[in-house]
Number of protein chains: 2
Amino acid sequence: MMKETALCPRLSNAMDLLGKRWTALIIYQLLNGSKRFNEIESSMPISGRLLSERLKELEMEGLVTRKIYSEVPVRVEYSLTDKGFALRPVIEGIESWSQQWT
Amino acid sequence: MMKETALCPRLSNAMDLLGKRWTALIIYQLLNGSKRFNEIESSMPISGRLLSERLKELEMEGLVTRKIYSEVPVRVEYSLTDKGFALRPVIEGIESWSQQWT
DNA sequence: TATAGTAAGTTACGTAAAGTAACCAGTTAT
DNA sequence: ATAACTGGTTACTTTACGTAACTTACTATA
């Protein structure tokens, strides 16, 4: 569909990314420092298939960087960029809203 | 699936709601005051089917109230509760992040 | 030599959610 | 009688998500 939101393209674009399932939780994990694929996977009920897909999206959007260490077995670490870390107040805002209004 | 997120149930619960498609945009619309069904529908490319579904969810979660005016044709107005309005800083945070990091 | 183990994925397939379009009820205006 | 309006609902298609098995590359164990 090519129809464009009359309203607030900024919010709309951001939600296309952040609103996808698991995305906010992945960013939340990475706010505490870089993590390996399996660490993220076992911290939440996400499948490898979708985690891989989400991390690629986040990398493409410039929120996450991927670093490969050629050890045995291979180690891959994901971490937030400045753009990703800039979401900290948003994530924390959602958390505190949730806490206050449950 | 019954598996529980080890991490941050607050963020997880909030994102189950706010992360659904269109939900944040609907709340954004209502931050400027109450709106009719058709007003919301025509402000973004959402279908009646899904708008109806989302508004019911938001009403059930206590973020939105629904008021019927028995005029001709009928008028139905949706507005935010305090719980809904409390999301203003979150929505504005996402907007400004989006503006800054595009 | 074969077997198994590990990390980080990918592939194939089934189900659930979202998108699209047509339709409906109640009332009024033409 | 016909059309028009709002606020939906129904039926159907397409896309996203969930599950489980498999893959690659290397190592350690029997």
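Just so you know, all these numbers are worked out from the coordinates, no wet-lab data involved. Keep in mind the model is a prediction, meaning the values are calculated, not measured. Note: ideal-geometry Cβ built from the backbone for every residue, glycine included; neighbour counts use all protein chains shown.
Odds and ends about this structure:
- Along region B:21-37 the Karplus relation, 6.51 cos²θ - 1.76 cosθ + 1.60 evaluated at θ = phi - 60°, assigns HN-Hα couplings of 4, 6, 4, 5, 5, 5, 4, 4, 4, 7, 5, 8, x, 5, 9, 7, 3 Hz to successive residues, with x for each Gly and Pro.
- Where trypsin sites (Lys or Arg not before Pro) in DSSP loops with at most 15 other Cβ within 10 Å are excluded, longest remaining stretch of chain B: B:22-102
- The same position A:Trp101 in the other copies lies at 2.2 nm from this copy, comparing label points 7 Å beyond Cα toward the beta-carbon, shortest first.
- With Cα atoms, 0 to 90° folded angle of helix A:88-101 axis to chain A main axis: 70
- With both labels modelled 7 Å from their Cα along Cα-to-Cβ, the A:Glu71 to B:Ile68 distance reads 6.4 nm.
- Bridging of A:Lys56 to lysines at a Cα separation below 27 Å is possible for A:Lys3, A:Lys20, A:Lys35, A:Lys67, A:Lys83, B:Lys3, B:Lys20, once same-chain residues fewer than 8 apart are set aside.
- Rg over Rh, two decimals, chain B (C-alpha only, Kirkwood Rh): 1.02
- Computed from backbone phi with θ = phi - 60° and the Karplus coefficients 6.51, -1.76 and 1.60, the 3J(HN,Hα) list for region B:72-78 is 10, x, 4, 10, 10, 10, 10 Hz; x is used for glycine and proline.
- Shape index of the protein assembly as shown: Rg/Rh, with Rg the Cα radius of gyration and Rh the Kirkwood radius from the inverse mean 1/r over Cα pairs, equals 1.02.
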